[in-house]
1. Rounded to the nearest 0.05, what FRET efficiency is calculated for residue 44 and residue 157 with R0 set to 45 Å and r the Cβ-Cβ distance?
2. May I have the count of lysine pairs in the chain with C-alpha atoms under 30 Å apart, counting pairs 8 or more residues apart or located on different chains?
3. Would you mind working out the accessible area per residue for the chain, using a 1.4 Å probe, and quoting it in Å²?
4. Roughly how big is the range 115-263's charge dipole about its Cα centre, with Cβ charges of +1 (Lys, Arg) and -1 (Asp, Glu), in debye to the nearest 20?
5. Return the FRET efficiency for the residue pair residue 253, residue 198: r is the Cβ-Cβ distance, R0 is 25 Å, and the value is rounded to the nearest 0.05.
6. What order do you get for 73-86, 160-173 when each peptide is scored by the mean count of other beta carbon atoms within 10 Å, highest first?
7. Apply the Karplus curve 6.51 cos²θ - 1.76 cosθ + 1.60, θ = phi - 60°, to the phi angles in the range 215-230 and return the couplings in whole Hz, x for Gly and Pro.
8. Between rounded, prolate and oblate, where does the range 149-263 land on the alpha carbon gyration tensor, with a ≥ b ≥ c its root eigenvalues, rounded for a/c under 1.5, else prolate if a/b exceeds b/c?
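The values are calculated or read from the model by the stated rules, or taken from the named source; none is laboratory data. On a predicted model such as this, the values are computed, not experimentally measured, just so you know. So basically every Cβ, Gly included, is an ideal-geometry build from the backbone, and we count neighbours across all protein chains shown. Remember, those area values only see protein heavy atoms, side chains included, never the ligands or the DNA or RNA. Shrake-Rupley method; radii C 1.70, N 1.55, O 1.52, S 1.80 Å.
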Amino acid sequence: MWRGAAAALLCLGAAYLLGRGFDPRTWLLPPPPRGRLLSVAELARYRGAAGEPGLYLAVLGRVFDVERGRRHYGPGGAYSGLAGRDATRAFATGDFTPAGLVDDVSALSPGEMLAIQSWLSFYSDSYNPVGKLVGRFYDEDGAPTEALRQAEAAIEEALKFQAESEQRKQQFPPCNSEWNSAKGSRFWCSRQSGGVKRDWTGVPRKLYQPGSRGSHCVCVRTTGPPWGWPASSEHSDRGDLDNPHLEEYEGCHPLAEQCVLKV
């Protein structure tokens, strides 16, 4: 059950990002809510059971009233484990076991920190903010703790990394590829390969990332100035072919739009 709920939760987060037209270069953290300061014990009373005062959950110490989502978060709901606590880590990892339903976000990957940020934006947009949870992320006066500052810094770094990755993808879109045991591997470029629509096709090349031993196939522009150069500047009209992180596929014509590597 928990595995299914976790997968659905992560898919819902991805759908929310796509629906909002996610742009990591401009998406900022929503402001923290004003209102009450709740203790961990007080928040635990808001799990939506009969006789309890309401249905709350917290993300990065920010408390939201999720009564409108009772069928999801209330008793018996797929995400009931999130109610009455700060289970920020679970939003990133999908671990709905007791060990995963915690607020410790240390050592999470950049992608996981972005998942937390997207869920925080989702709750800020979709549910009413109640206040702050006194504990890991806010002190007894409601002031941010060092743990919160570190989490926010990690999110900002992840956003920067995501923006740089998107820029690299625009410069070097991934190739189309296929493999079979009889013919071997085939790599080819088109004006939509890698999911990047553009007005050029490009040729396949191996791209080596600094610090990485492996490579992957990308499509490379063959004309015009190198990426980032103004069109009016003097250049060799070879696009990005001279980029030092690229390598030709052995046995393939340097300007062929496809390359077949036989077994």
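1. Numbers: r = 32 Å, r/R0 = 0.72.
According to the calculation, E is roughly 0.90.
2. Count of close lysine pairs: 14.
3. Working: 14400 Å² over 263 residues.
On a per-residue basis, the chain sits at 55 Å².
4. Values: 17 positive and 20 negative charges, 161 e Å.
For the range 115-263, the charge dipole is close to 780 debye.
5. Values: r = 22 Å, r/R0 = 0.86.
About 0.70, to the nearest 0.05.
6. Working: 73-86: 20.0, 160-173: 15.6.
Descending mean neighbour count gives 73-86, 160-173.
7. Each residue's phi maps through the Karplus curve to give 9, 9, 7, 10, 9, 10, 5, 10, 9, x, x, x, 3, x, 7, x Hz.
8. Values: a/c = 2.11, a/b = 1.32, b/c = 1.60.
It is oblate, given that a/c is not under 1.5 and a/b is not larger than b/c.
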